[in-house]
Amino acid sequence: MASRVIPVDPFDLVIFGGTGDLARRKILPALFRRFCAGQMEEGTRIIGAARSQMDDVEYRAFVAEALLEFNSGHSGCEPGTIKRFQKTLSYVTLDARGEEGWDALAAKMHPGRVRAFYFSVGPSLFSDLAQRLHQYGMADHDARIVVEKPFGRDLATAQALNRSLAEHFDESQIYRIDHYLGKETVQNLMALRFGNMLFEPLWNSRYVDHIQITVAETVGVGGRGEYYDRAGAMRDMVQNHLMQLLCLIAMEPPAKFDPDAVRDEKLKVIRALGEVGRDDLVRGQYLADHEKPGYLEHVENPDSITESFIAMKLNVINWRWAGTPFYLRTGKRLSDRASEIAVVFKEAPHNIFTEDTGRHRNILTIRLQPNEGIDLDVTIKEPGPGGMRLVDVPLDMTFSEALGPDADDAADAYERLIMDVVRGNQTLFMRGDEVEAAWAWTDPIIASWEARGDKPIPYATGSFGPEDALALLHRSGRKWREIRA
Ligand code: NAP
């Protein structure tokens with residue numbers, strides 16, 4: 001089933017930090033793929049900007065190298081496309097905090113067309129960039145800015161950042177990116193919930209026992225140690241990615257599929273989150289194994305008490321979810337790289353099958369990675385003679401199997417999100433008040449463990465975090481799902 005590609009009118013896209021890691025690994029390959037797919041009309045301009053001295057020719061060579069390195073597995077581009085793509089590229093040397101280069105950038109803008117500015121630089125430069133864009137006349141109504149995470153490190157810094165961006169840009173021009181929201185399955189979650197009759201009537205505490213959200217990584221903090229040690233798993237993952245996933249699961253159906261209608265409903269979920277008690281939270285830090293260094297060897301502070309793993313139980317305190325806990329866990333150096341949301345339904349109220357001794361529950365699993373897809377565990381009779389024994393089997397919808405190989409090739413999150421910026425669709429981007437509400441919930445939790453001086457529990461590389469994380473569920477007779485990549 002070939003996906004339909006609708007070309008977008010020519011646009012100007014400036015990547016501040018166009019020589020950085022994110023630009024090389026994600027943004028430029030994403031743009032290239034959309035170019036290969038035929039979505040960019042002739043005349044579109046992609047302009048890299050950073051302090052490094054480079055001319056257009058050097059930047060084109062730099063980008064070609066990045067594409068060879070980070071786009072090698074992608075088969076959708078014809079030979080020679082890189083050369084055509086290179087013609088869209090140019091480069092401006094500038095400093096976000098200086099004056100050099102800004103006139104040259106302004107001169108490259110085409111009046112009257114969409115212009116997007118991707119802030120792929122450290123967050124300390126976001127306000128400077130917004131201010132310079134205004135100063136050099138590029139912050140008019142055709143402009144949109146894309147802001148990367150981290151969006152603040154607490155409520156006060158997020159508010160300050162929102163205020164400084166709002167001095168020059170309207171909220172409708174600000175795209176706060178969370179690439180989890182660009183994933184095919186995450187959007188499918190909305191299609192599944194709001195496009196089918198089957199699930200929504202059961203989507204509440206009467207039928208749902210609990211929900212598990214897991215985002216597991218096998219990598220350690222690696223070269224990001226300096227940033228990560230100031231953030232930790234709560235700020236780096238829970239406040240944004242896991243929170244967004246939780247919102248999509250827990251939100252009420254919006255009246256329409258419109259950016260503000262969807263974001264209003266997500267905001268209500270964040271505001272309904274209950275406090276997280278000390279016993280409902282487990283923090284961990286990975287140890288070295290015989291091959292790889294431990295967390296403390298990756299960061300400068302040998303006594304760091306920053307967590308590389310967090311698991312928690314939380315409640316959404318409203319009519320729909322009262323009594324249905326949400327369990328969240330995320331961490332580094334775990335046994336598998338796998339992310340999923342599992343909606344675990346309650347058992348049938350009465351078992352009429354006397355021979356069956358098992359406990360059966362329907363589980364709807366939304367797999368974000370690997371093998372994006374959705375499956376539903378249903379209970380059936382175990383095949384063959386020997387009585388009426390029951391067994392749980394998955395009704396599996398792996399997108400690449402159900403929709404053909406093209407589904408596997410579907411635009412990755414960055415491709416979709418960048419094109420949404422160009423199209424002016426903010427549905428999959430976080431609004432300023434959402435981000436602030438998420439920090440308002442996160443801040444007191446962090447403040448309370450800091451006040452107590454709580455230390456993270458060491459856990460083995462290749463495990464699924466500290467044992468205490470298991471107890472979070474065990475004490476109510478539940479258990480984490482086994483997750484395998
Ligand atoms: P990076 O590799 O350190 O790149 C930073 C970029 O900013 C470079 O192109 C650098 O080039 C440029 N830059 C630095 N100071 C500048 C200045 N004063 N004026 C103009 N340009 C300047 O960082 P990154 O990993 O790409 O991350 C960029 C942003 O994305 C950060 O906010 C990060 O938190 C976020 N992010 C990154 C990832 C990731 O996977 N890398 C994932 C999620 C979010 P010059 O030195 O030549 O100026």
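The values are calculated or read from the model by the stated rules, or taken from the named source; none is laboratory data. Not measured: the values here are computed from a predicted model. Positions of Cβ are generated from backbone atoms using ideal geometry, with glycine treated the same way; all protein chains shown enter the neighbour counts.
Taken over the range 118-144, the residue count meeting the criterion of being surrounded by 17 or more Cβ atoms within 10 Å (Cβ to Cβ) and either away from the ligand (no atom under 12 Å from the Cβ) or of a type in the set (S, T, N, Q) (or both) is 11.
When the range 146-161 is filtered for residues that are away from the ligand (no atom under 13 Å from the Cβ) and either crowded, with 20+ Cβ neighbours inside 10 Å or of a type in the set (A, V, I, L, M, F, W, C) (or both), the ones remaining, listed by number, are L155, A156, A158, A160. Which of the residues belonging to the range 167-180 are surrounded by 14 or more Cβ atoms within 10 Å (Cβ to Cβ) and either among the aliphatic types (A, V, I, L, M) or not in a helix (DSSP H, G or I) (or both)? Correct list: H168, F169, I174, Y175, R176, I177, D178.
Here is the figure for the range 68-93: residues that are over 23 Å from P10 (Cβ atoms) and among the hydrophobic types (A, V, I, L, M, F, W, C) total 2. Just to be sure before I move on: is G112 surrounded by fewer than 18 Cβ atoms within 10 Å (Cβ to Cβ) and either out of contact with any helix residue (DSSP H, G or I) (no Cβ under 8 Å at 6 or more places or on another chain) or in a strand (DSSP E or B) (or both) in the structure I sent? Criteria met by G112. Residues in the range 461-485 that are touching a residue at least 24 places away in the same chain (Cβ under 8 Å), part of a loop (DSSP other than H, G, I, E, B) and not β-branched (V, I, T): G462, F464, G465, P466, S476, R478, W480, R481, R484, A485. Among residues belonging to the range 76-96 that are assigned to a strand (DSSP E or B) and more than 28 Å from the chain's Cα centre (by Cα), point out the one that is nearest to the ligand (Cβ to nearest atom). Checking each candidate, the answer is T93. Exactly one residue out of R263, R235 is in contact (Cβ under 8 Å) with a residue 40 or more places away in the chain and away from the ligand (no atom under 16 Å from the Cβ), and it is R263.
Any idea which of (1) crowded, with 19+ Cβ neighbours inside 10 Å; (2) over 18 Å from L368 (Cα atoms) is the one D264 doesn't satisfy? For D264, the exception is condition (1). In the range 1-51, of all residues being hydroxyl-bearing (S, T, Y) and either more than 14 Å from V63 (Cα to Cα) or modelled with pLDDT under 95 (or both), the one that is nearest to the ligand (Cβ to nearest atom) corresponds to T44.
Across the range 333-392, what is the total count of residues that are closer than 28 Å to E217 by Cβ, assigned to a loop (DSSP other than H, G, I, E, B) and not small (G, A, S)? Qualifying residue count, the range 333-392: 7. Of all residues in the range 274-309, those that are touching a Leu at 6+ places or on another chain (Cβ under 9 Å) and closer than 17 Å to R452 by Cα total 8. Of everything listed in (1) among the hydrophobic types (A, V, I, L, M, F, W, C); (2) surrounded by fewer than 23 Cβ atoms within 10 Å (Cβ to Cβ); (3) under 21 Å from N240 (Cβ atoms), the single unmet condition for I305 is (3).
Say whether the condition of being closer than 28 Å to A158 by Cβ, aromatic (F, W, Y) and at pLDDT 85 or above is met by at least one residue in the range 445-465. For the range 445-465, residues closer than 28 Å to A158 by Cβ, aromatic (F, W, Y) and at pLDDT 85 or above: present.
Here E99 passes the criteria (1) within 14 Å of the ligand (Cβ to nearest atom); (2) closer than 21 Å to Y118 by Cβ; (3) over 27 Å from the mean Cα position of the chain (by Cα) except the one numbered (2). Consider the range 52-75 and keep the residues that are aliphatic (A, V, I, L, M) and within 12 Å of the ligand (Cβ to nearest atom). The one that is nearest to V5 (Cα to Cα) is A66. The set of residues in the range 39-98 being within 23 Å of L417 (Cβ to Cβ), among the charged types (D, E, K, R) and surrounded by 16 or more Cβ atoms within 10 Å (Cβ to Cβ) consists of R45 alone.
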